[in-house]
Amino acid sequence: MLLLRSVRAHQLLQLVSFLLFTLVYGEDSCPLQTPLYPPPRNLLSRQDVKSASKSLSQTIEEALTTGITDLGSLPLNTTTFAVKVFSSHTEDSIYEYIYTSPTYSPKPGAGAEKTALDSVYRVASISKLITVLTLLAHDGYTHWNHPITDFIPELDILARNQSSRLQWREVTLGDLAAQLSGVPHDSFLSGIVSEDPTFAPGTTAAYSNAAYQLLRYAMENITGTDFPSMFQNSIVKPLNLNSTSLLAPGNASVGIIPVNETVSVWDFDLGDGDAFGGAYSSAHDLAVIGRSILQSLSRSSALNLSSTLARHWLKPLSHTTSFKTSVGAPWEIFRYELPNRPNHVIDVYSKSGNLGAYADIIALIPEYDIGFSITAADLPTNPLTNVWGLADLIIDRLSPAFDKAAQQEANATYAGTYKVQGANSTTDSYVAITTDHYKPGLQVAEWVSNGVDFLQSLAALSGFEGLAVRLYPTGIEETVPGESSKRVFFRSTFDYDTSGQSKGVISACQSWLNVDGSRIGNIGVDEWVFTLENGQASSAEPRILRKRLRRL
């Protein structure tokens, strides 16, 4: 074992060694469930993104010709569609693709001749996303856990008379938004007394349009404002949306309308069902909505959403029978891993819609601060499976490029050697930060404190092989008063070779248990902070050492 040169260093090593022994996980790395790196900001300048975009276009064009891709069947040629991939850091498209099928034939004078990013489509159940966004913008989570009977007196009467099998006093607004209410799939207030519940409230997700009609009525009673006005004032006006409405546009020439308004269901008025399926929008406007939600996660946007509220909203509220699928309010959440990032799940928060000739999707990937929108129309074929197929292609082709861009930007911003100013050869203190395409987070490649090799000493104390310290962004940033610099906070994990250890269910990756698990005074052993000046790290602070190391 190395000779420890100070009592303080010895105490620190003992403490961190104790932390190591408390870790419980399997595999060769156990990241925190945060983005592996700060989300990339300059995607348009990245050659990998350009190459991936070209590959995506080629695959779409092959599908238009052959009807298949390496991911499966994708008979796109009869579907008219528009695709837009966006980032929260630029208004420019990261990727776009539009296609007007040769089979698309609108009635003369009704419907655009060709599609564009601002062409209007019915977006069906994406209306549910807009409804919850409207609720949160007006009321936040103030009444989220209140029973629906507080806001719809007719339901309270049913509950008091015990004339309905639905447990109305147990159904909250949050249950309605998260599809956990047990309300039937399609019903209306006048006939709901005779309906049977699908499940007891809070049991499992079961899709319901009727739940959103009830949510609409509750919102109006809470705010004293009609739903269309709430929608207009909280979404359309702040975001300057020109192609989004609850009613069919007065000028049908802006819309994609296969055959005619009736056959395509373009002009079918859902009335109070606008909250669950009545909206119209475009790929461009959906991208504006998605970008604003992503911006709300970390800073202000045109939407009246706090960052904390937005982060809570983009979380699962129940699970399904698939390990890869969860449900939010009203998010349809899909989870996947990249081959080079084991034990790190990337979440896609999406909402799709399907009505008549139309199918659409909006999806957000907070890992990279990106999202995409797809609007589509087809007759007589239902275009929904093609929309899902296009979404799969976008994720499959572009995610590896986004991951590499995030790693490369993190490398340019943070990688290097940081050293105590004025240090001499006998009391050397420095750290070296690197990144790796096959390893998560910022890696502490070297860590010397007062001449003591911290990593080597940790390995000797713990007996673990392949010890690695990795840093992950927390999303916490602070501006330095009176300066243009900012402080960016990270938390570390301690990874080691677990060959031969249990691979069972309970022994899985559980790094979250140890965040801030050991402290010296009021400082977590795992906390690091970097100071950024003009977008580049100028110093690093492993907080337990109470020293600022300057980047060389």
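The values are calculated or read from the model by the stated rules, or taken from the named source; none is laboratory data. If you're wondering where the values come from, they're calculated on a predicted model, not measured in any experiment. Ideal geometry is used to build each Cβ from the backbone, glycine not excepted, and the neighbour counts take in all protein chains shown. Side chains included, ligands, DNA and RNA excluded: accessible areas come from the protein's heavy atoms. Shrake-Rupley method; radii C 1.70, N 1.55, O 1.52, S 1.80 Å.
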Query - Matching option when the condition is touching a helix residue (DSSP H, G or I) at 6+ places or on another chain (Cβ under 6 Å), open to solvent by less than 40 Å² (accessible area, probe 1.4 Å), within 30 Å of residue 372 (Cα to Cα) and not assigned by the TED database to the domain that holds residue 353, among 442, 398, 467, 471 - result: 442
Report task. Could you check residue 64 against (1) in a loop (DSSP other than H, G, I, E, B); (2) under 29 Å from residue 265 (Cα atoms) and say which number it fails? Result -> (1)
Query raised in the report: Of these, 108, 147, 102, which one is open to solvent by 30 Å² or more (accessible area, probe 1.4 Å) and in contact with a Ser or Thr (Cβ under 8 Å, 6 or more places away or on another chain)?
Result: 147
Report task. Could you list all residues from region 156-184 that are more than 29 Å from the chain's Cα centre (by Cα), of a type outside the set (Phe, Trp, Tyr) and at pLDDT 85 or above? Result -> 167, 169, 170
Requested in this report: Return the only residue of 115, 131 being outside any helix (DSSP H, G or I) and in the same structural domain as residue 235 (by the TED database).
Outcome: 115
Query raised in the report: Does region 534-542 include one or more residues that are open to solvent by 10 Å² or more (accessible area, probe 1.4 Å), in contact with a strand residue (DSSP E or B) (Cβ under 7 Å, 6 or more places away or on another chain) and without any contact (Cβ under 8 Å) to a residue 40 or more places away in the chain?
Result: yes
Query raised in the report: Does residue 159 qualify as being open to solvent by 10 Å² or more (accessible area, probe 1.4 Å), aliphatic (A, V, I, L, M), more than 18 Å from residue 331 (Cα to Cα) and in a loop (DSSP other than H, G, I, E, B)?
Result: no
Query raised in the report: What pairs come up if the first residue lies in region 475-487 and is under 16 Å from residue 543 (Cα atoms), the second is small (Gly, Ala, Ser) and surrounded by 14 or more Cβ atoms within 10 Å (Cβ to Cβ), and their beta carbons are under 8 Å apart, counting only those six or more places apart or on different chains?
Result: 477/298
Query raised in the report: With respect to residue 281, is the statement that it is modelled with pLDDT of 95 or more and either open to solvent by 50 Å² or more (accessible area, probe 1.4 Å) or not aromatic (Phe, Trp, Tyr) (or both) true?
Result: yes
Query - Candidate set from region 451-487 (those that are charged (D, E, K, R) and modelled with pLDDT under 80); member that is nearest to the chain's Cα centre (by Cα) - result: 483
Report task. Identify the single condition in (1) touching a strand residue (DSSP E or B) at 6+ places or on another chain (Cβ under 6 Å); (2) open to solvent by 40 Å² or more (accessible area, probe 1.4 Å) that residue 223 does not satisfy, given that it satisfies every other one. Result -> (1)
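Pick from region 185-207 the residues that are of a type in the set (S, T, N, Q) and part of a loop (DSSP other than H, G, I, E, B): which of them is modelled with the lowest pLDDT?
This residue is 187.
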Query raised in the report: Does region 409-417 contain at least one residue that is touching a residue at least 12 places away in the same chain (Cβ under 8 Å), assigned to a strand (DSSP E or B) and either open to solvent by 10 Å² or more (accessible area, probe 1.4 Å) or not β-branched (Val, Ile, Thr) (or both)?
Result: yes
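For every residue, the table says whether it meets (1) open to solvent by less than 40 Å² (accessible area, probe 1.4 Å); (2) farther than 21 Å from residue 120 by Cα.
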residue	(1), (2)
231	yes, no
249	yes, no
258	yes, no
268	no, no
302	no, yes
308	no, yes
311	no, yes
321	no, yes
Report summary line: Taking region 162-184 and keeping only residues that are buried (at least 24 other Cβ atoms within 10 Å of the Cβ), touching a residue at least 40 places away in the same chain (Cβ under 8 Å) and assigned to a loop (DSSP other than H, G, I, E, B), one is left with 179, 180
Query raised in the report: Restricting attention to region 195-216, does a residue exist that is surrounded by 17 or more Cβ atoms within 10 Å (Cβ to Cβ) and β-branched (Val, Ile, Thr)?
Result: yes
Report summary line: Output for Cβ contacts, cut-off 6 Å, separation at least six or different chains, first residue among the polar types (S, T, N, Q) in region 505-519, second at pLDDT 75 or above, reads 511/30; 511/32; 511/493; 518/525
Query raised in the report: For residue 90, all conditions in the list (1) closer than 24 Å to residue 382 by Cβ; (2) open to solvent by 10 Å² or more (accessible area, probe 1.4 Å) hold save one; what is the number of the exception?
Result: (1)
**Report entry** Residues (at pLDDT 80 or above and of a type in the set (Gly, Ala, Ser)) located in region 488-506
**Finding:** 492
Query - Close pairs (9 angstrom Cβ cut-off, 6 or more residues apart or separate chains): at negative phi and outside any strand (DSSP E or B) in region 429-440, among the basic types (Lys, Arg) and modelled with pLDDT under 95 anywhere - result: 429/419; 429/547; 438/341
Query - The listed residue being over 30 Å from residue 409 (Cβ atoms), hydrophobic (A, V, I, L, M, F, W, C), out of contact with any Phe, Trp or Tyr (no Cβ under 6 Å at 6 or more places or on another chain) and open to solvent by 60 Å² or more (accessible area, probe 1.4 Å), out of 379, 317, 384 - result: 317
Query raised in the report: Which strands (runs of 3 or more DSSP E) does region 237-342 wholly contain that include 1 or more residues that are more than 19 Å from residue 366 (Cβ to Cβ) and of a type in the set (S, T, N, Q)?
Result: 279-281
Query - Options 455, 461, 467, 398: the member that is under 30 Å from residue 359 (Cβ atoms) and hydrophobic (A, V, I, L, M, F, W, C) - result: 398
Query raised in the report: Are any residues in region 31-56 among the charged types (D, E, K, R) and either under 22 Å from residue 312 (Cβ atoms) or under 19 Å from the mean Cα position of the chain (by Cα) (or both), and if so, which ones?
Result: 41
Query raised in the report: How many residues are surrounded by 22 or more Cβ atoms within 10 Å (Cβ to Cβ) and under 21 Å from residue 32 (Cα atoms) when one looks only at region 448-461?
Result: 0
Query raised in the report: Can you tell me how many residues in region 437-494 are more than 21 Å from residue 548 (Cα to Cα) and among the hydroxyl-bearing types (Ser, Thr, Tyr)?
Result: 3
